[in-house]
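Participant: Quick one: the structure is below, questions incoming.
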Amino acid sequence: MTTIEVNGLRKRFGPSVALDGMTFVVQPGRVTGFVGPNGAGKSTTLRMILGLDRPDAGTATIDGRRYADLPCPMRHAGALLDPHALHPARSGRNHLRWLARSQDLPDSRVDEVLNRSGLAAAGRRAAGGYSLGMRQRLGVAAALLGDPPVLLLDEPFNGLDPAGIVWMRDLLRGLAEDGRSVLVSSHLMSELQDMAGHVVVVGHGRVIADAGVNELIGAYSSLEAAYLDLTAGVGGIR
Ligand SMILES: Nc1ncnc2c1ncn2[C@@H]1O[C@H](COP(=O)(O)OP(=O)(O)OP(=O)(O)O)[C@@H](O)[C@H]1O
């Protein structure tokens, strides 16, 4: 069973402190919501788990290893960070084929993940013409290519239509039920309340609360009420 461990991450960008000792563990078998006000440090943390930003201090590991040290990393962790990170002239299918080849994954996976993401019909169209919701689906398809035990998704509900939201909710729940570790950053508390088993609330680059969703609902009546209370003293964008 694969965990994500974030331990004491610190990061400054010039005068601004983005991460100030960020520490938490993502356990397998449940969706963990990663929530906090704009600028709290969620995306920076996800980027560090994936080795895309270097911390000033602290560590982030998947299965005890840094992402950069994982052999064939897409088999260990799949990520959706930026749905616009694609070549606009390349078809969705060729985008996935290119990724699969870079990781020695069989081409057969491409059609499997296109089908699972509802993009089978649009797969041969240039990805530059995809709507935001279609780009999110393509990003999810890419994250699933290596059938990884760990998934990290940054605001995956953005741009999805109502049917897409239901699809994403069921997909993430199913991935967690398979025993995967699923970390989802989102501002949609009602979605997380229905879907997540656990939530990590952050503010100003550190953890404010790390608790079960049912525990928070029991104490505050809803996840949204818990979030608003826990982050009340944190303030907005610095
Ligand atoms: N490359 C960068 N250069 C300068 N500052 C940065 C950079 N990346 C992040 N920051 C700063 O670090 C802080 C944390 O940003 P981050 O994007 O991680 O927040 P977030 O919680 O993901 O916010 P949001 O909910 O708006 O997506 C912010 O103050 C942001 O301005």
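Readers should treat all values here as calculations from the given coordinates under stated rules, not as data from a laboratory. Values in this document were obtained by computation on a predicted structure and should not be read as measured data.
Participant: Once all Cα-Cα distances of the chain are split into 10 Å bins that start at 0, what whole-number percent is in each one?
Facilitator: 8, 32, 36, 20, 4, 0
Participant: Report, by chain and number, residues whose modeled amide H sits under 5 Å from the one on V202, excluding near sequence neighbours (fewer than 5 apart, same chain).
Facilitator: V35, G36, I208
Participant: Per residue of the range 59-75, what does 6.51 cos²θ - 1.76 cosθ + 1.60 with θ = phi - 60° give for ³J(HN,Hα)? Whole Hz please, x for Gly and Pro, Karplus curve as stated.
Facilitator: Per residue, the Karplus-derived 3J(HN,Hα) values read 9, 9, 9, 10, 6, x, 10, 5, 3, 5, 9, 7, x, 6, x, 5, 7 Hz.
Participant: Shifting gears a bit: Taking square-rooted eigenvalues a ≥ b ≥ c of the alpha carbon gyration tensor, is the range 77-147 rounded, prolate or oblate, where a/c under 1.5 means rounded and, failing that, a/b exceeding b/c means prolate?
Facilitator: The shape class here is rounded.
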